[in-house]
Amino acid sequence: ELNLRGFLVSKIFELGGEGESFPAIVASGKNSAIPHWQSSNSKIQMNAPLLIDMGMIWKGYCTDFTRTLHLGEPTSEFKKIYEIVKTDWYKGFEKVKRGILVSEIDKTIREYFKTKEVDNFFLHATGHGIGIEVHEPPRIYYQKIGHKKRKNDTPIIEDGMVFTIEPGLYFPNKFGIRLENIVFVENGKGEIYSEIDLELKILD
């Protein structure tokens, strides 16, 4: 994991970036089930998921994205969960409209996970603002899930806002899947700040 992280960091500088937005997460196999895993000396496994969460600093601004790949043919269970997370990402994205509370994005994503009976495996907020710092207000969070309200948690979506949407499901000692893109708001609706689609990538 650490070797791959080092390779990714070297690519940031090759591409003209100014450094990492945060220490990249490279999580192989069961490690992917830990949302904020720290890349380790664990060997990258075949026939297992590989979660990569990283970002670079470009002209003083941070980026942040996550993809979960699979090395070798995934199980039917993995494919099913991947489709749930991918579908839910787009359900959250569809809520990005000027005048809507940002918390509605999180609410929508949690409600869909609940219909699939996997909501207990979603362990963090749906996203966060991003800019000069990698984590900025607002948190993309719905307040009725029992967590303490924080300042700037539920602003109204406006043009010019930039934030992440990053639903994930984590099954202890099995695997985790997270998908994340930056979204910016322009002309009253969300635009995706990535050229990499969310389809499952299977590597031989």
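The values are calculated or read from the model by the stated rules, or taken from the named source; none is laboratory data. These numbers come from a predicted model, not from an experiment. We place every Cβ from the backbone using ideal geometry, glycine too, and count neighbours over all the protein chains shown.
Which of the residues that make up segment 32-55 are outside any strand (DSSP E or B), of a type outside the set (A, V, I, L, M) and closer than 16 Å to Phe121 by Cβ?
Of everything in segment 32-55, those that are outside any strand (DSSP E or B), of a type outside the set (A, V, I, L, M) and closer than 16 Å to Phe121 by Cβ turn out to be Ser32, Pro35, His36, Trp37.
Which of the residues spanning segment 1-31 are part of a loop (DSSP other than H, G, I, E, B) and either β-branched (Val, Ile, Thr) or surrounded by 17 or more Cβ atoms within 10 Å (Cβ to Cβ) (or both)?
Listed by number, the residues that qualify are Glu1, Gly17, Ser21, Ala24.
Residues Ile196, Ile156, Ile192, Ile105: which one is under 26 Å from Asn31 (Cα atoms), among the aliphatic types (A, V, I, L, M) and either within 14 Å of the chain's Cα centre (by Cα) or modelled with pLDDT under 95 (or both)?
Testing whether each residue is under 26 Å from Asn31 (Cα atoms), among the aliphatic types (A, V, I, L, M) and either within 14 Å of the chain's Cα centre (by Cα) or modelled with pLDDT under 95 (or both) leaves just Ile196.
Could you check how many residues of segment 32-89 are under 23 Å from Ile12 (Cα atoms), surrounded by fewer than 19 Cβ atoms within 10 Å (Cβ to Cβ) and of a type in the set (D, E, K, R)?
Here the count works out to 2.
Output the residue which, of all residues in segment 108-148 that are among the aliphatic types (A, V, I, L, M), more than 26 Å from Glu186 (Cβ to Cβ) and touching a strand residue (DSSP E or B) at 6+ places or on another chain (Cβ under 7 Å), is modelled with the highest pLDDT.
Selected residue: Val118.
In segment 90-107, which residues are under 16 Å from Gly129 (Cα atoms) and in a helix (DSSP H, G or I)?
Those that are under 16 Å from Gly129 (Cα atoms) and in a helix (DSSP H, G or I): Gly92, Phe93, Ser103, Glu104, Ile105, Asp106.
Provide a single number: the residues in segment 108-135 that are more than 15 Å from the chain's Cα centre (by Cα) and surrounded by 15 or more Cβ atoms within 10 Å (Cβ to Cβ).
Of the residues in that region, 6 qualify.
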